[in-house]
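Heads up: the structure comes next, in structure tokens.
The values are calculated or read from the model by the stated rules, or taken from the named source; none is laboratory data. None of the values given here were measured: they were computed from a predicted structure. All Cβ positions, even for glycine, are placed from backbone atoms using ideal geometry, and neighbour counts span all protein chains on display. Accessible surface areas use protein heavy atoms only, side chains included; no ligands, DNA or RNA. Shrake-Rupley method; radii C 1.70, N 1.55, O 1.52, S 1.80 Å.
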Amino acid sequence: KLTDEDLDAMWWRHYGLFSAACWEVLGGLGMAQTMVPVIRRLYTTKEEISAALKRHMVFYNTNPWIGSIIPGIMASMEEERANGQPVDEAAIQGVKMAMMGPFAGVGDSLFWGTYVPIYIAICASWAQSGNTALMWLAPIVGGGITIVSHLYFERFGIRWGYRNGIAALQNLQQQNLLADLSTAATIVGQFVIG
């Protein structure tokens, strides 16, 4: 039932995931907002829509870049639920809660602890070079890399999570991908610090 347009609408909404963060649910409101295109496509009655929104407006906190896989998986699970599969609210919440922590740890160390400091350090050296053109170019390139890579990873994550559904979590565990990413981020981070 879900279309590419629905997934792209999720993607754009997910970019502002923490723009309405509060201490009670952190990114819960942003997660509910991200899921609106899915909920509108899958459910028709006011009660179903309300229940689905409430289901996603609970505590949510993870890295938005790597964690974009989570709303993709949630969309897949919501679609299964709408199609009559035995997917209950507890399963949806359980999968979401189980993935938040690992994706936060890996995503924060990979992006905020490794990737971003590397290119910001390069741009900072441009800004301090004394070359006027590089001084103006440094913040534009630094900000542009952040925005473009954030959008790319979020779009990829949502689509990959939706396409693979709950099997995405099993694939990540079987391939030990999260542990490998964490190790790689630690090694690169140590080189940068050195």
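Among the residues of the range 71-79, is there at least one that is open to solvent by 40 Å² or more (accessible area, probe 1.4 Å) and acidic (Asp, Glu)?
No: zero hits.
Restricting to the range 19-48, count the residues that are out of contact with any helix residue (DSSP H, G or I) (no Cβ under 6 Å at 6 or more places or on another chain) and either on the phi > 0 side of the Ramachandran plot or open to solvent by less than 90 Å² (accessible area, probe 1.4 Å) (or both).
Filtering the range 19-48 for residues out of contact with any helix residue (DSSP H, G or I) (no Cβ under 6 Å at 6 or more places or on another chain) gives 19, 21-30, 36, 40, 44-48.
Narrowing further to those that are either on the phi > 0 side of the Ramachandran plot or open to solvent by less than 90 Å² (accessible area, probe 1.4 Å) (or both): 21-22, 25-30, 36, 45, 48.
Within the range 19-48, residues that are out of contact with any helix residue (DSSP H, G or I) (no Cβ under 6 Å at 6 or more places or on another chain) and either on the phi > 0 side of the Ramachandran plot or open to solvent by less than 90 Å² (accessible area, probe 1.4 Å) (or both) number 11.
Restricting attention to the range 109-131, which residues are open to solvent by 70 Å² or more (accessible area, probe 1.4 Å) and part of a helix (DSSP H, G or I)?
The answer is Trp112, Tyr115, Ile120, Ile122, Trp126.
Being open to solvent by 60 Å² or more (accessible area, probe 1.4 Å) and within 14 Å of the chain's Cα centre (by Cα), is that true of even one residue in the range 82-101?
Yes.
Working only within the range 68-94, note down all residues that are more than 17 Å from Thr34 (Cα to Cα) and of a type in the set (A, V, I, L, M, F, W, C).
Within the range 68-94, Ala82, Val87, Ala90, Ala91 qualify.
Taking the criterion of being under 20 Å from Arg155 (Cβ atoms) and without any contact (Cβ under 8 Å) to a residue 12 or more places away in the chain, would at least one residue in the range 19-34 satisfy it?
yes
Which numbered condition trips up Pro37, out of (1) within 16 Å of His14 (Cβ to Cβ); (2) touching a residue at least 40 places away in the same chain (Cβ under 8 Å); (3) assigned to a helix (DSSP H, G or I)?
(2)
Could you give me the residue pairs with C-beta distances under 6 Å whose first residue belongs to the range 75-89 and is on the phi < 0 side of the Ramachandran plot and assigned to a helix (DSSP H, G or I), whose second residue is among the basic types (Lys, Arg) and modelled with pLDDT of 90 or more wherever it lies, and which are 6+ apart or on separate chains?
Filtered contacts from the range 75-89: Glu89/Arg55.
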